[in-house]
Amino acid sequence: MSGGKPAVLVLIKGLGIGGAEKLISEGALFWDRESYDYRVAYVLPWKDQLTPQLEALEVPVRCLGGRKGNSVVATGRLHRLVKEWNVDLIHAHLPVSGVMARTTRVPVVYTEHNLADSYRQPTRTLNRASYWRNDVVIAVSDAVAGSLSSFPGPTPQVIPNGVTVDVKPEQAIAARDELGLGPEEPLIVHVGNIRPHKGHSTLIAAAAELTRVNPAATIVSIGGEKNSGDLERIRTEAADSGLGDALRFLGRREDALSFVAAADVYVNPADVEGLPVSILEALALGIPVVATAVGGVPTVIRHDETGLLVEARQPTALATAILGLLDDPRRARHLGNAGQMLVERDYGLEAMVRTIEESYRRVLID
């Protein structure tokens with residue numbers, strides 16, 4: 001307890017640019033800091049891109065300095081930090097930080113952002129074995145909650161991700177200018193870090209089919225690499241497909257939303273998802289979305305109502321759906337407007353934060 005307020009430690013593996021991470025850095029704008037003393041800790045030193053945003057809000061941030069995530073050293077530092085900051089509750093995001101948090105004696109609220117079986121076996125085993133120590137479990141979609149149904153512990157409460165976006169028209173224009181594209185040239189954008197299950201190979205194959213039909217189209221993929229060399233590997237795969245500048249991998253970009261706002265179509269080719277923040281952001285910007293029907297995606301992309309769905313690992317279907325929207329701007333606008341209305345009504349970031357804080361209150365009162 002700090003100054004009469006419960007101290008809440010938000011814990012995550014890294015503060016790089018990703019969906020779960022942005023929910024923390026942008027959600028902090030709406031934290032009830034009159035009721036809770038918020039602090040943030042993360043494990044991996046090189047994943048710190050969002051740290052300045054939190055520090056600008058005068059939120060204390062500490063790196064635990066683990067080399068591989070859930071290490072003995074990082075866990076020991078967490079225990080010392082809990083004592084130093086007199087932490088009353090830990091809100092852990094994703095399995096690595098969840099496992100670490102459960103080794104303390106502090107109440108734990110745990111948020112799962114992905115399907116439970118999407119992690120490597122050692123991570124799944126540790127997560128399951130310690131899951132009973134959670135006081136509250138939050139799942140970002142019904143699909144994620146269902147994937148946890150056999151875990152021995154609290155029944156997940158579904159609290160969908162929320163977003164807030166603010167992109168000025170000149171930022172979208174600057175994104176197109178950087179790509180050398182005029183306002184009428186077709187632009188398809190994807191945002192997703194390069195890691196297993198994100199569907200980059202599907203995107204490459206779809207881009208090859210799409211550009212054979214519409215050579216004027218440009219596809220842009222934005223996202224950092226999980227392992228050194230991943231970005232170069234994907235770029236080589238695209239080059240080997242003969243795509244040239246038609247498909248561009250820009251790597252990690254803090255201005256990714258500027259490119260999304262400039263897009264004619266947003267695409268998500270992933271094999272596995274929880275409830276992607278990037279899709280919600282595209283919808284919030286009124287950009288029509290083509291996505292694979294995986295995980296919690298069909299919760300927000302309702303086929304031919306708020307976007308278009310295709311089966312995973314089907315590049316021809318992905319390309320065909322995108323081409324259909326490029327060929328029918330009126331339909332694309334209709335889907336974009338419907339998606340924007342859905343997010344404004346049901347997926348606000350402030351509403352998400354308020355619901356999460358209600359779970360804190362229940363745990364701290366009990």
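The values are calculated or read from the model by the stated rules, or taken from the named source; none is laboratory data. All figures in this text were calculated on a predicted structure; none of them were measured in a lab. Backbone-built Cβ (ideal geometry, glycine too); neighbour counts: all protein chains shown. All accessible areas refer to the heavy atoms of the entire protein, side chains included, with ligands and DNA or RNA removed. Shrake-Rupley method; radii C 1.70, N 1.55, O 1.52, S 1.80 Å.
Side notes on the structure shown:
- Taking the Cα centre of the range 105-155 as origin and assigning +1 to Lys and Arg Cβ atoms and -1 to Asp and Glu Cβ atoms, the resulting dipole is close to 260 debye.
- In order through the range 355-366: 3J(HN,Hα) via Karplus (6.51 cos²θ - 1.76 cosθ + 1.60), integer Hz, x for Gly, Pro: 5, 5, 5, 5, 5, 4, 4, 5, 5, 6, 6, 5
- When the Cα positions of G18, V109, S141 are compared along the charge dipole of the chain, V109 comes out farthest toward the positive end, with charges on each C-beta of Lys, Arg, Asp and Glu.
- Axis of helix 169-179 versus longest Cα principal axis of the chain: the two differ by about 60°, to the nearest ten degrees.
- Fraction of antiparallel bridges per DSSP, the range 1-113 only, in percent to nearest 5: 5
- Over the chain: helical MRE at 222 nm, DSSP H runs n ≥ 4 each giving -39500 (n - 2.57), nearest 500: -12500 deg cm²/dmol
- Charging the Cβ of each Asp and Glu at -1 and of each Lys and Arg at +1, and nothing else, the dipole of the range 74-175 about its Cα centre rounds to 560 debye.
- Helix 315-327 and the longest principal axis of the Cα set of the chain meet at an angle near 70°.
- Note on the range 34-124: the alpha carbon radius of gyration divided by the globular reference 2.2 N^0.38 Å gives 1.09.
- Solvent-accessible surface of protein heavy atoms, probed at 1.4 angstrom with all chains present, puts F151, F30 in the order F30, F151, largest first.
- Long-range lysine pairs (8 or more apart or interchain), the chain, Cα under 29 Å: 25
- Cα-centre dipole for the chain with unit charges at Cβ (Lys and Arg positive, Asp and Glu negative), debye to 20: 1540
- Debye log10 I(q)/I(0) at q = 0.18 Å⁻¹ for the range 241-366, Cα point scatterers: -1.00
- Residue with peak Gaussian network fluctuation, the chain [Cα springs, cutoff 10 Å], from V59, V272, V189: V59
- Across q = 0.16 Å⁻¹, the range 120-170 modelled as identical point scatterers on its alpha-carbon atoms has Debye log10 I(q)/I(0) values of -0.54, in the order of the q list.
- Convex hull of alpha carbon positions in the chain: directionally averaged projected area 17.2 nm².
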